[in-house]
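Okay, structure first, notes after.
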Amino acid sequence: MDWVQVFFLDPVSLYQGAAFPFALLFNYLCFMDSFSTQARYLFLLAGGGALAVAAMGAFAALVFIPTLCTVVLIHSLGPQDVHRPTFLFQMTWQTLCHLGLHYTEYYLQEAPSTRFCITLSSLMLLTQKVTSLSLDIREGKVVAPSGHIPNKNSLSEHLRGALPYLSYLLFFPALLGGPLCSFQRFQARVEGPSSLWSRHSFWALTWRALQILGLESLKVIVRGVVGAGAGLGGSGQLECVFVLWSTAGLFKLTYYSHWLLDDSLLRAAGFGSDLGRSPGEEGLLPDADLWTLETTHRIALFARKWNQSTARWLRRLVFQQRRAWPLLQTFVFSAWWHGLHPGQVFGFLCWAVMVEADYLIHAFASVFISSWPVRLLYRALAWAHTQLIIAYIILAVEARSLSSLRLLWNSYSSVFPTVYCTLLLLLAKRKHKCN
């Protein structure tokens, strides 16, 4: 299999790669004074519409309809009232679409359409942008025209006012992937002065391209190793651990490659530059922090660094809004947002328990382990255990179905989360006695 075939095996990567020249074209056109602000908004919106139709076909309507409804809600509700209705509508719409996937996979026992799967992925990203925008409006970070439905005389004026929101929700560099870009950053990039293409931007994109090439090369090797293995069902104790680690490694390499490509597309369009950023505006957070993810011995830190922009969005949307069990509610909502497949429900609940155990275990270790040789040994063992638990969670989430989940439960790999669960119970009991 040649490199081009390996890289473009995933249709999302194909469409993201096809959008790359248009992102560079947008960046180039922004240098021209004749390329007005409205033209920029229209370029991004038209590009998003064309990309949606090309990638999703008729299913693109499932993305266009909630986008239009969100803009109507923003213009018809007050700033303090806009978040809850938009959140409920978007999550209800997304859940209904996910139920359609459940019906196809579990009831009809048929493979879902690739275009429909791309549509669901885009809907999940749309949910991020919709809720982020509604929170910004409620918190006063974004001033949106609201309060009434426009009459015929002011319809054209309201359409011009709705253009930035429509463009933000559908702009093509972030339609199929990419870290969450706030509306403030999006608006500042489109309406702000054009920044010259710097050498730093060129070398940053070149470095990402080399990283993607390296990751794709590793994927070929790991795919060969995984394909030659017996799988979880036909492997022994140590072999089962290797199968767990290598299979999860293949999934992680795929995610890393996707995240780097998505981040590169946004930066090629000029949305990654921090030039002219206001003090209160959040920077563009890349989803992949490869070094931290592969070297950390803390499950809690891994959870914060895995898909960073989504982790920050979940923290803002759920964790900071809940007083009772915020950690558990965050992971439960993440399972809902991902589609509520059996493997996803189990995987995210397991992840929440592992993070809670991680806090207690490392707090206990920091008090009772003082000598540096023992601390070094502890960190090495904790790193290995963390990576294996994360591999177990990844396989649970990616397995999705109950049959695949049972295979994972019955394997020797289950010993790793079981150890953490046991330590959680013991340390929680000890903490309760001390209190």
Per the filter on the range 319-348, residues within 18 Å of the chain's Cα centre (by Cα), among the hydrophobic types (A, V, I, L, M, F, W, C) and open to solvent by 60 Å² or more (accessible area, probe 1.4 Å) are F319, V332, W336, L340
Please name all residue pairs, on different chains or six or more residues apart, with Cβ atoms under 7 Å, provided the first residue is in the range 176-190 and is assigned by the TED database to the domain that holds T37 and closer than 11 Å to P164 by Cα and the second residue is among the aromatic types (F, W, Y) and part of a helix (DSSP H, G or I).
-> F183/Y168; F186/Y168; V190/Y41
Could you list, in sequence order, all residues of the range 68-112 that are assigned to a helix (DSSP H, G or I), β-branched (V, I, T) and surrounded by 20 or more Cβ atoms within 10 Å (Cβ to Cβ)?
-> T70, V71, I74, T86
Quickly run through the range 146-166 and pick out the residues that are modelled with pLDDT of 70 or more and surrounded by fewer than 20 Cβ atoms within 10 Å (Cβ to Cβ).
-> S156, E157, H158, L159, R160, G161, A162, L163
The one condition in (1) farther than 21 Å from P417 by Cα; (2) modelled with pLDDT under 95; (3) in a helix (DSSP H, G or I) that A324 fails to fulfil = (3)
Filtered residue count, the range 126-145, keeping only those that are buried (at least 24 other Cβ atoms within 10 Å of the Cβ) and among the charged types (D, E, K, R) = 1
Of those in the range 237-288 that are modelled with pLDDT of 90 or more and among the aromatic types (F, W, Y), the residue surrounded by the most Cβ atoms within 10 Å (Cβ to Cβ) is W259
For Y420, indicate whether it is modelled with pLDDT of 90 or more and open to solvent by less than 30 Å² (accessible area, probe 1.4 Å).
-> yes
Could you tell me whether any residue of the range 395-415 is within 13 Å of I299 (Cα to Cα) and either in contact with a strand residue (DSSP E or B) (Cβ under 6 Å, 6 or more places away or on another chain) or open to solvent by less than 60 Å² (accessible area, probe 1.4 Å) (or both)?
-> no
Check on W291, among the hydrophobic types (A, V, I, L, M, F, W, C), at pLDDT 95 or above, in a helix (DSSP H, G or I) and open to solvent by 30 Å² or more (accessible area, probe 1.4 Å) = no
Quick one: which of D289, D358, D263 is under 30 Å from Y41 (Cβ atoms) and among the acidic types (D, E)?
-> D263
Filter result for the condition that a residue is within 24 Å of T104 (Cβ to Cβ), assigned to a helix (DSSP H, G or I) and of a type outside the set (D, E, K, R), over L408, L376 = L408
Consider only pairs whose beta carbons are under 7 Å apart and that are at least six residues apart or on different chains; among these, list those whose first residue lies in the range 332-349 and is under 21 Å from L407 (Cα atoms) and whose second residue is of a type in the set (G, A, S) and open to solvent by 10 Å² or more (accessible area, probe 1.4 Å).
-> P342/S401; G343/A399; G343/S401; G343/S404
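The values are calculated or read from the model by the stated rules, or taken from the named source; none is laboratory data. Every value quoted in this text rests on a predicted model; they were computed, and no experiment measured them. Note that we place each Cβ from the backbone using ideal geometry, even for glycine, and neighbour counts take in every protein chain shown. Surface areas here come from the heavy atoms of the whole protein model, side chains and all, with no ligands, DNA or RNA. Shrake-Rupley method; radii C 1.70, N 1.55, O 1.52, S 1.80 Å.
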